[in-house]
Amino acid sequence: MIFTHDTERALAIVVELINTGPAAAGAERLGGLPDLCAFVERHGFSDVGELAEADLGRARELRDRFHAVFRADGVPAAVRQINEIVGEVRPTPHLTDHDGYDWHVHFFAPGAPLGEHLAADCGMALAYVVAAGELDRLRTCEAPDCSRVLVDLSRNRCRRYCDSRTCGNRMHVAAYRARQREAAH
Ligand SMILES: [Zn+2]
Ligand SMILES: [Zn+2]
């Protein structure tokens, strides 16, 4: 494991959130409250209460700012983005073992709205990535027609494609065909 379990879980949430946006997915996949509710359900967010339009707006806004970290041109630009995100929350760190998870630290207060939850925990996860000197693990898929993001958690930093739409498979098949064409000449 490259990062701690809860950091990797928060990073997975960041990736999934960014990949709901038009800039990554080519279309808005967080179009309304039902989409946001499904997202929250899928990731087992604890205790976020009833979601409202304001939560949707805040989630989309944070999505763009998380995406800017992935697209940052170097560490200082990423640091600026992350510091702005985590600087807006009033952190309330505490240990919790909710919903059967092992002990881990939450940086948001119990019952905090979804936006606090995302900005604090996902923002801190991104901060840990930079602090560990691992910013280059935050990537954009290299398949030519794909703009989705990924976190490369492989030991040898070899992951190049997102795990949706089977980009890796498509590219391997394309490379295989190209090699065969070469061989046929
Ligand atoms: Zn938790
Ligand atoms: Zn892809």
| note | Taking first residues from segment 130-152 that are without any contact (Cβ under 8 Å) to a residue 60 or more places away in the chain and closer than 17 Å to Gln81 by Cα and second residues anywhere that are within 16 Å of ligand 2 (Cβ to nearest atom) and in a loop (DSSP other than H, G, I, E, B), the pairs with Cβ under 6 Å that are 6 or more apart or on different chains are none
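Could you check segment 143-159 and list, in sequence order, the residues that are among the charged types (D, E, K, R), modelled with pLDDT of 90 or more and under 19 Å from Gly26 (Cβ atoms)? Walk me through it before giving the result.
From segment 143-159, those among the charged types (D, E, K, R) are 145, 148, 152, 155, 157, 159; that's our starting set.
Narrowing the set further to residues that are modelled with pLDDT of 90 or more leaves 148, 152, 155, 157, 159.
Scanning segment 143-159 gives a single hit, Arg148.
Can Ala77 be described as in a loop (DSSP other than H, G, I, E, B), away from ligand 1 (no atom under 15 Å from the Cβ) and open to solvent by less than 50 Å² (accessible area, probe 1.4 Å)?
Details: in a loop (DSSP other than H, G, I, E, B): no; away from ligand 1 (no atom under 15 Å from the Cβ): yes; open to solvent by less than 50 Å² (accessible area, probe 1.4 Å): yes.
No.
Among Arg63, Arg71, which is within 16 Å of ligand 2 (Cβ to nearest atom), out of contact with any Lys or Arg (no Cβ under 6 Å at 6 or more places or on another chain), at pLDDT 95 or above and among the basic types (Lys, Arg)?
Details: Arg63 fails: within 16 Å of ligand 2 (Cβ to nearest atom).
Of the residues listed, the single one that is within 16 Å of ligand 2 (Cβ to nearest atom), out of contact with any Lys or Arg (no Cβ under 6 Å at 6 or more places or on another chain), at pLDDT 95 or above and among the basic types (Lys, Arg) is Arg71.
Does Val173 satisfy being within 16 Å of ligand 2 (Cβ to nearest atom), over 20 Å from His104 (Cβ atoms) and modelled with pLDDT of 95 or more?
Numbers: within 16 Å of ligand 2 (Cβ to nearest atom): yes; over 20 Å from His104 (Cβ atoms): yes; modelled with pLDDT of 95 or more: no.
Considered against the rule, which asks whether it is within 16 Å of ligand 2 (Cβ to nearest atom), over 20 Å from His104 (Cβ atoms) and modelled with pLDDT of 95 or more, Val173 comes out as no.
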| request: Consider Asp47 carefully, then state whether it is among the charged types (D, E, K, R), within 23 Å of His106 (Cβ to Cβ) and modelled with pLDDT of 95 or more. | output: no
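Just one of Val129, Val89 is more than 19 Å from Phe3 (Cβ to Cβ), away from ligand 2 (no atom under 16 Å from the Cβ), open to solvent by less than 30 Å² (accessible area, probe 1.4 Å) and modelled with pLDDT of 90 or more; which is it? Steps first, please.
On the way: Val129 fails: more than 19 Å from Phe3 (Cβ to Cβ).
Testing whether each residue is more than 19 Å from Phe3 (Cβ to Cβ), away from ligand 2 (no atom under 16 Å from the Cβ), open to solvent by less than 30 Å² (accessible area, probe 1.4 Å) and modelled with pLDDT of 90 or more leaves just Val89.
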| query | Quick check, is Asp163 surrounded by fewer than 22 Cβ atoms within 10 Å (Cβ to Cβ), out of contact with any Pro (no Cβ under 9 Å at 6 or more places or on another chain) and either part of a loop (DSSP other than H, G, I, E, B) or at pLDDT below 90 (or both)? | reply | yes
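The values are calculated or read from the model by the stated rules, or taken from the named source; none is laboratory data. From a predicted model like this one, the values you see are computed outputs, not experimental measurements. Don't worry about glycine lacking a Cβ; one is built from the backbone with ideal geometry, like all the others, and counts go over all protein chains shown. What goes into the accessible areas is simple: the full protein's heavy atoms, side chains included, and nothing from ligands, DNA or RNA. Shrake-Rupley method; radii C 1.70, N 1.55, O 1.52, S 1.80 Å.
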